[in-house]
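So the structure is just underneath, and the comments pick up after that.
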Amino acid sequence: MACSHDTLVRDTSADDVICRTCGLVLTEDQLPPEWDVPSGPCMTRHGLEDLLPGGVVRGIAEICSTMHLCDTVTVEALRLAHASGLHRGLQPSVAACVYLACKNVRLYRTQHEFEVETKVSGKALGRAISRLLRTLKQSPEGVECVNEMLPRIVSRFASRDRGKISTAKIEQCMREIYRNRWQNVHSGRSVSINTVLAKCLLEALHRVSENTVTRETKGVIKTVCGVKTL
């Protein structure tokens, strides 16, 4: 089945449009009619850096470097900072721009990961993200982000846990649990993404593991998902 190329992103470093699904670099005549993202000086990294205060630019660059995020995320974070009128390099506000940039280019990271890497408190980061969303009139994360986060969460868990359970089985089971039990709850935003991921991972381990989930394993789940209780 041919790729429909409906998940496109512009790589501003090379001014190419790339399909996230198959990795193809599309030519202008291959782009769908509705694809009309402006390019030019204001959409490039250097062009955006010239429009922002040095503290904001340095803050975004440092976070992206620390978290090993690609240039596409950096440019999107700079764009969000400019669009929101960010004029000071306050750590929570800068971190919020990078967090939302990850969401916009579908390279999702949890708030907990940002808290760990940037040392910004969860409350301060949450407030900054909410302000940014209101300013830009964007909606919070949808259901789709959880499904895209699962492979990374399972991989991070497997790298810390000493068990030998198949990561493919855990991920498959988590998707089923999320779809049947947690998707509607999360859609109503009554629980956080971190909590949803932790609950799904814990239940998946109970299902696929031949042994009882240990206290040590629960500790790994809390660390990976960024929750205090299970």
Extreme residue, surrounded by the fewest Cβ atoms within 10 Å (Cβ to Cβ), among residues of region 64-78 that are touching a Cys at 6+ places or on another chain (Cβ under 9 Å) and part of a helix (DSSP H, G or I): Asp71
Identify the single condition in (1) exposed (fewer than 14 other Cβ atoms within 10 Å of the Cβ); (2) closer than 20 Å to Ile193 by Cα that His46 does not satisfy, given that it satisfies every other one. (2)
Please note which helices (runs of 4 or more DSSP H) are completely contained in region 124-230 and include at least 1 residues that are more than 16 Å from Glu113 (Cα to Cα) and at pLDDT 85 or above. 143-160, 167-177, 193-208, 215-225
Out of the residues in region 76-123 that are more than 17 Å from Val146 (Cβ to Cβ) and among the hydroxyl-bearing types (Ser, Thr, Tyr), state the one that is modelled with the highest pLDDT. Ser93
Just a yes or no: is a residue in region 155-174 assigned by TED's automatic domain parsing to the domain that holds Ile221, touching a residue at least 12 places away in the same chain (Cβ under 8 Å) and under 21 Å from Cys70 (Cα atoms)? yes
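The values are calculated or read from the model by the stated rules, or taken from the named source; none is laboratory data. Keep in mind that what you see is a predicted model, and the values were worked out from it rather than measured. Reconstructed Cβ throughout: ideal geometry from the backbone, glycine too, with neighbour counts over all protein chains shown.
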